[in-house]
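Bear in mind these aren't lab numbers, they're just calculated from the coordinates by the rules spelled out. Quick caveat, the model's predicted, so the values are computed rather than measured. A quick note on method: Cβ atoms are made from the backbone with ideal geometry, for glycine too, and the neighbour counts reach across all protein chains shown.
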Amino acid sequence: MKIRALAAPVVLAVVSVLVTGPAAEAATKPPVRYKNCTLLNKAYKHGVGKPGAKDKTAAGKKPVTTFGVNLALYQRNAHLDRDHDGIACEKL
């Protein structure tokens, strides 16, 4: 009887550490800051932009619409947004 009474809190403690440990750490970890577009495009093939961003294009060119949308990641890599359209490293 005593073993069961002690086992339940231990199991709950282990489960709570497993469930909240990595998730809590990931939530506090800042997004990656890429040095250049080559590296960013390895992780995000079509670039990364903020919500609602629209690709600036020359007349007759097709805009990129398949970029990853992530505000925090875009803000961390805004230095790679050369045309200032809200999308860093966009490419088809």
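Numerical summary
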item	result
Length released on extending from LEU71 to LYS45, taking residue separation times 0.36 nm less the Cα-Cα span	7.7 nm
Point-charge dipole on Cβ atoms (K/R +1, D/E -1) for region 31-92, about Cα centre, debye to 20	160
